[in-house]
1. Report the Rg/Rh value for chain A, based on alpha-carbon coordinates and the Kirkwood definition of Rh.
2. Jot down the per residue volume, in cubic angstrom and as a whole number, of the convex hull over the alpha-carbon atoms of chain B.
3. In this model, which of A:67/B:100; A:52/B:26; A:41/A:71; B:26/B:69; B:69/B:100; A:36/B:100 are farther than 20 Å apart at the alpha-carbon?
4. What is the distance, in nm, between label points placed 7 Å from the Cα along the Cα-to-Cβ direction at residue B:112 and at residue B:18?
5. Give the accessible area for residue B:21 in Å² (nearest 10); use a 1.4 Å probe, count only protein heavy atoms, and leave out ligands, DNA and RNA.
6. With a 1.4 Å probe and every protein chain left in place, tell me how much accessible area residue A:4 has, in Å² to the nearest 10.
7. Can you put B:50, B:60 in order of accessible area, largest first, using a 1.4 Å probe?
8. So how far apart, in nm, are the two label points at residue B:44 and residue B:28 if each is 7 Å from Cα heading toward Cβ?
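The values are calculated or read from the model by the stated rules, or taken from the named source; none is laboratory data. Keep in mind that what you see is a predicted model, and the values were worked out from it rather than measured. Note that each Cβ is placed from the backbone with ideal geometry, even for glycine, and that neighbours are counted across all protein chains shown. Keep in mind that these areas ignore ligands, DNA and RNA; they rest on the heavy atoms of the full protein, side chains included. Shrake-Rupley method; radii C 1.70, N 1.55, O 1.52, S 1.80 Å.
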Amino acid sequence: DTAVSQTPKYLVTQMGNDKSIKCEQNLGHDTMYWYKQDSKKFLKIMFSYNNKELIINETVPNRFSPKSPDKAHLNLHINSLELGDSAVYFCASSHGGRDQPQHFGDGTRLSIL
Amino acid sequence: SQQGEEDPQALSIQEGENATMNCSYKTSINNLQWYRQNSGRGLVHLILIRSNEREKHSGRLRVTLDTSKKSSSLLITASRAADTASYFCATATRYNQGGKLIFGQGTELSVKP
């Protein structure tokens, strides 16, 4: 069984469009994250939710809006896509707290034409 | 600015040899974690070392932490072709909220059969 699953795996779209990425975890974790990995493999946290509550919101453009309908799901909606949004987006989950390992999905590769 | 920096950026060795990767960071930490990323996949947690620990082992992995130098190293002994991947260190700072991790740029390890 996949622990953290993201859909879609690939997303190719044009500038200006709106798109969503879905994430689900079946590990019973209470904290979920979105990360962005750029072309140089630099991984940066974007958002974190704990029990459906937003607890980390890095300096991300407000075109990016996370939504957590329940503890097992964290979706990412992106409005008015720009060329610079091209990257791989990873969802992760953990038990809350600083000393817990994080479990990652396999990523969604977003390409903006 | 980025918390973790890794050295070397790329490492190529023969199967059976040991691989050592280093990570430096800038602020006080609660713990430091190492992750592996295979091509096209998500990150996989390898090992976590707390700020009051100096060394930790897990199978063929050995991690050291020197908080006075703000550095850590990951040693993989008796490497295998299957160890070929990118390796990232990630720090949880002492004062951060939730499970925020700050990742280094990673070391690309290539193990030749």
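1. Radius of gyration over Kirkwood radius for chain A works out to 0.95.
2. Spelled out: Cα convex hull of chain B, divided by residues, is 98 Å³.
3. On the way: A:67/B:100 18 Å; A:52/B:26 31 Å; A:41/A:71 28 Å; B:26/B:69 9 Å; B:69/B:100 22 Å; A:36/B:100 13 Å.
Going by Cα-Cα distance, A:52/B:26; A:41/A:71; B:69/B:100 fall outside the 20 Å limit.
4. 2.2
5. In the full protein context, residue B:21 sits at about 0 Å².
6. So the heavy atoms of residue A:4 present about 10 Å² to solvent.
7. Details: B:50 85, B:60 60 Å².
Ranked from most to least accessible, the order is B:50, B:60.
8. 3.6
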